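Report on one structure; see the data block that follows.
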Amino acid sequence: MRKIGPTLVIATHNPGKLREIAELIEPLGIACVSAASLDLPEPEETGVSFADNADLKARAAADLSGLPALADDSGLAVDALHGRPGIHSARWAEDEAGNRDWPRAMQRVWDAVEAEGPDAGHDAHFACALAIAWPNDGQAETFEGRVDGTLVWPPRGDQGFGYDPMFVPAGGEQTFGEMDPAAKHAISHRADAFRKLVAALQAGRSS
């Protein structure tokens, strides 16, 4: 894997996601700047998978900034809903004005599960794809991770972001919204993808 250099653009306008990614990447000695701080536009997410969307966001940020860029695309997939909301997880949070309302999104998910009937089950997983792209030559690499768990209602906790307050990871009792951020980082779908990314970075440095 190619070296990233001292500065990496994090291709997101989501403050919670930016904070979580920066906490994972900065211990590698790489400074993070956000796409928002560089006034980079958010590209339309036209991919059919998390990996597709992460790739297109990373490539757009790299080309516009002239720096290597890291993009994340992640979401909640619910078994009873045949994988929805999936790549449309953020859209389920949007109100009529286009603002994101995560309590509204969680309510929509829960209502949809309830509508499937009492035997629908509450199994779900978070999925994450991380893509790193370099400017000019179009090179990019993608890493994927996931964490399985179950949905709970009502939501619990004010840590994390998005659907975290309604998701309990397998083997746990607390929701991601209740967990200490460091504890969540150790087991999350994003951490799973980052472990693969870090392994590739270390392999690149030793080669």
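Name the residue that is modelled with the highest pLDDT, counting only residues in region 181-207 that are polar (S, T, N, Q) and open to solvent by 10 Å² or more (accessible area, probe 1.4 Å).
Going through region 181-207, the residues polar (S, T, N, Q) turn out to be 188, 202, 206-207.
Filter again for open to solvent by 10 Å² or more (accessible area, probe 1.4 Å), leaving 202, 206-207.
Details: Gln202: 69, Ser206: 48, Ser207: 48.
It comes out as Gln202.
Taken over region 21-35, the criterion of being farther than 16 Å from Lys57 by Cβ and in contact (Cβ under 8 Å) with a residue 60 or more places away in the chain is satisfied by Glu23, Leu24, Leu28.
For region 106-135, give me the residue count where each residue is touching a residue at least 24 places away in the same chain (Cβ under 8 Å) and either surrounded by fewer than 16 Cβ atoms within 10 Å (Cβ to Cβ) or acidic (Asp, Glu) (or both).
Here is the first cut: in region 106-135, the ones touching a residue at least 24 places away in the same chain (Cβ under 8 Å) are 106, 109-110, 112-113, 116, 120-135.
Next, from what is left, pick out any that are either surrounded by fewer than 16 Cβ atoms within 10 Å (Cβ to Cβ) or acidic (Asp, Glu) (or both): 116, 120-121, 123.
Matching residues across region 106-135 total 4.
Would you confirm whether any residue within region 53-70 is under 26 Å from Trp102 (Cα atoms) and touching a Lys or Arg at 6+ places or on another chain (Cβ under 7 Å)? There is no residue in region 53-70 that is under 26 Å from Trp102 (Cα atoms) and touching a Lys or Arg at 6+ places or on another chain (Cβ under 7 Å). Taken over region 12-30, the criterion of being open to solvent by less than 40 Å² (accessible area, probe 1.4 Å) and outside any helix (DSSP H, G or I) is satisfied by Thr12, Asn14, Ile30.
For Ala51, are the conditions met, namely being surrounded by 22 or more Cβ atoms within 10 Å (Cβ to Cβ), touching a residue at least 24 places away in the same chain (Cβ under 8 Å) and under 30 Å from Lys3 (Cα atoms)? For Ala51, the condition - surrounded by 22 or more Cβ atoms within 10 Å (Cβ to Cβ), touching a residue at least 24 places away in the same chain (Cβ under 8 Å) and under 30 Å from Lys3 (Cα atoms) - is not met. Restricting attention to region 149-180, the residues being surrounded by 18 or more Cβ atoms within 10 Å (Cβ to Cβ), farther than 19 Å from Arg100 by Cβ, among the aliphatic types (A, V, I, L, M) and touching a residue at least 24 places away in the same chain (Cβ under 8 Å) number 1.
The values are calculated or read from the model by the stated rules, or taken from the named source; none is laboratory data. As the structure is a computational prediction, the values presented were derived from the model and not from experiment. All Cβ positions, glycine included, derive from the backbone under ideal geometry; neighbour counts span all protein chains shown. Note: accessible area is taken over every heavy atom of the protein model, side chains too, but ligands, DNA and RNA are not part of it. Shrake-Rupley method; radii C 1.70, N 1.55, O 1.52, S 1.80 Å.
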